[in-house]
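Data first, discussion second: the structure below is written as structure tokens.
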Amino acid sequence: MTRADAVARVAASLGRDALAVACNGMIGRELYTRADAPTRFYMIGSMGLAASIGLGLALVQPSRTVVVFDGDGNVLMNLGAIASAAAAAAANFHHVVFDNAAHGSTGCQRTISDRVPLEDVARAAGYRRCARVASAGALDDAVASWFDAPGPSMLLVVVDRANVPGIGRVELPPAEIAVRFRAACTSS
Amino acid sequence: MGRRFLDLLERHGYDFFTGVPCSLFESVTRILDDEPRYGYVSAVREDAALGLAAGAYLGGRQPVVLMQNSGLGVSVNAIVSLNQIYDIPALLVVSWRGQDGRDAPEHLVMGRVTEPFLRLLDMPYEVCDPASIDAQLGALTATMRTTRRPVALVVPKGILDR
């Protein structure tokens, strides 16, 4: 399964009110290209911090489902964020990790997630639910109900190493992304 | 002093607290640790604290991030590639270890460059003066709200320790 396809499948499964925080690199660009909405925050810099941003948001908006679209490189860069999410035990925090065992936007150099199963790390830290899926069918089955049950959760999605063509950059200016997203977070 | 400081922060609208501790503001973190009503999130790193604060801001809060000045070094990328490009504000309460060259060796270099470092980052700051702390917080908060950028209150030894 391509990562862009996996990102689109997860996005399509989210309820209208769910809030998504996407990490930098290809994952945010794929979410923007395939499924942009005001309820999406695209982190274009500050690699490693998407899960922390998502956790801060989940803690102050406990009635909203918060889904972090993360990558293996991002998770590994700030692995302590998993400990923070587990310790906070926020039921509305969901961590979806698209794992290609590589740094997609810099030329697909290897990470170490092929030897360090990140969902096992999350389980050991104390996430309530963790699972690994590796096919489109298994992903669709999982996301049909995954976000209805309490977190913290990690759904690790094994994806192809290569990038798909035709994915642009996030075109919105960062400050505009923040204003739009804050309005979506604080309305209703 | 910790109680008075937290009361002032709340009076200036701050309602989300996270950070990494320092002995120089121990009187503040002791209260934050002990009183659940603050919802204090003890962060694992200073840049992760800025991430948590950014999420809280996007969720409608006005955050404070406490850190030792050593944590400013850890936080550079979060400040310049998250807060300053997305216009995500926060008040950083930064302890000043190594001020005047009198401290443990690991604090001396950062202590010497703390002010130039904040200027290099283009971050408005005040060096905390106990006699005018309310006015300092008022000015910093006004700047932060107008610019939607992070600002810093630098806390020397002997003000918030106890």
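The values are calculated or read from the model by the stated rules, or taken from the named source; none is laboratory data. Fair warning: this is a prediction, and the values are worked out from it, not measured in the lab. Here Cβ is always computed from backbone atoms with ideal geometry, including for glycine, and neighbour counts include all displayed protein chains.
Rundown of residues vs (1) within 23 Å of residue A:121 (Cα to Cα); (2) more than 14 Å from chain B (Cβ to nearest Cβ); (3) at pLDDT below 95, yes/no style:
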site: A:135; (1), (2), (3): yes, yes, no
site: A:138; (1), (2), (3): yes, yes, no
site: A:143; (1), (2), (3): yes, yes, no
site: A:151; (1), (2), (3): yes, yes, no
site: A:154; (1), (2), (3): yes, yes, no
site: A:158; (1), (2), (3): yes, yes, no
site: A:166; (1), (2), (3): no, yes, yes
site: A:170; (1), (2), (3): no, no, no
site: A:174; (1), (2), (3): no, no, no
Any hit, segment B:26-36, residues being of a type in the set (Val, Ile, Thr), under 17 Å from residue B:154 (Cβ atoms), in contact (Cβ under 8 Å) with a residue 24 or more places away in the chain and surrounded by 24 or more Cβ atoms within 10 Å (Cβ to Cβ): yes
Consider segment B:48-70. How many of its residues are within 12 Å of chain A (Cβ to nearest Cβ) and surrounded by fewer than 24 Cβ atoms within 10 Å (Cβ to Cβ)? 3
Within segment A:47-57, is there a residue that is surrounded by 24 or more Cβ atoms within 10 Å (Cβ to Cβ), within 10 Å of the chain's Cα centre (by Cα) and more than 25 Å from residue B:84 (Cβ to Cβ)? no
Which one is surrounded by the fewest Cβ atoms within 10 Å (Cβ to Cβ), of the residues in segment A:76-105 that are in contact (Cβ under 8 Å) with a residue 40 or more places away in the chain and among the polar types (S, T, N, Q)? A:105
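Residues checked against (1) of a type in the set (Ser, Thr, Tyr); (2) assigned to a helix (DSSP H, G or I); (3) without any contact (Cβ under 8 Å) to a residue 40 or more places away in the chain:
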position	(1), (2), (3)
A:15	no, no, no
A:24	no, no, no
A:29	no, yes, no
A:47	no, no, yes
A:73	no, yes, no
Failed item, numbered, when residue A:139 is tested on (1) under 17 Å from the mean Cα position of the chain (by Cα); (2) under 30 Å from residue B:56 (Cβ atoms): (2)
Taking residue A:10, is it part of a helix (DSSP H, G or I), among the β-branched types (Val, Ile, Thr) and either within 8 Å of another protein chain (Cβ to nearest Cβ) or buried (at least 24 other Cβ atoms within 10 Å of the Cβ) (or both)? yes
Taking residue A:63, is it within 24 Å of residue B:53 (Cα to Cα), at the interface with chain B (Cβ under 10 Å from one of its Cβ atoms) and either out of contact with any strand residue (DSSP E or B) (no Cβ under 7 Å at 6 or more places or on another chain) or surrounded by 24 or more Cβ atoms within 10 Å (Cβ to Cβ) (or both)? no
Would you be able to say whether some residue in segment A:122-143 is β-branched (Val, Ile, Thr), touching a residue at least 60 places away in the same chain (Cβ under 8 Å) and over 19 Å from residue A:74 (Cα atoms)? yes
In segment B:71-91, what count of residues is obtained for those that are away from chain A (no Cβ under 14 Å), surrounded by 21 or more Cβ atoms within 10 Å (Cβ to Cβ) and closer than 20 Å to residue A:45 by Cα? 1
Within segment A:144-162, restricting attention to residues that are of a type outside the set (Asp, Glu) and over 29 Å from residue A:106 (Cα atoms), which residue is surrounded by the most Cβ atoms within 10 Å (Cβ to Cβ)? A:152
Return a yes/no flag: does segment B:117-132 have any residue that is surrounded by 17 or more Cβ atoms within 10 Å (Cβ to Cβ), part of a loop (DSSP other than H, G, I, E, B) and either of a type in the set (S, T, N, Q) or within 14 Å of another protein chain (Cβ to nearest Cβ) (or both). no
Considering only residues that are of a type outside the set (Lys, Arg), surrounded by 15 or more Cβ atoms within 10 Å (Cβ to Cβ), out of contact with any Cys (no Cβ under 6 Å at 6 or more places or on another chain) and in contact (Cβ under 8 Å) with a residue 24 or more places away in the chain, which ones fall in segment B:133-154? B:133, B:137, B:140, B:141, B:144, B:150, B:151, B:152, B:154
Sort through A:90, A:183 and tell me the only one that's within 14 Å of chain B (Cβ to nearest Cβ), part of a loop (DSSP other than H, G, I, E, B) and modelled with pLDDT of 95 or more. A:90
Can you find, within segment B:11-53, the residue that is farthest from residue A:57 (Cα to Cα) among those that are among the acidic types (Asp, Glu) and either within 14 Å of the chain's Cα centre (by Cα) or modelled with pLDDT under 95 (or both)? B:26
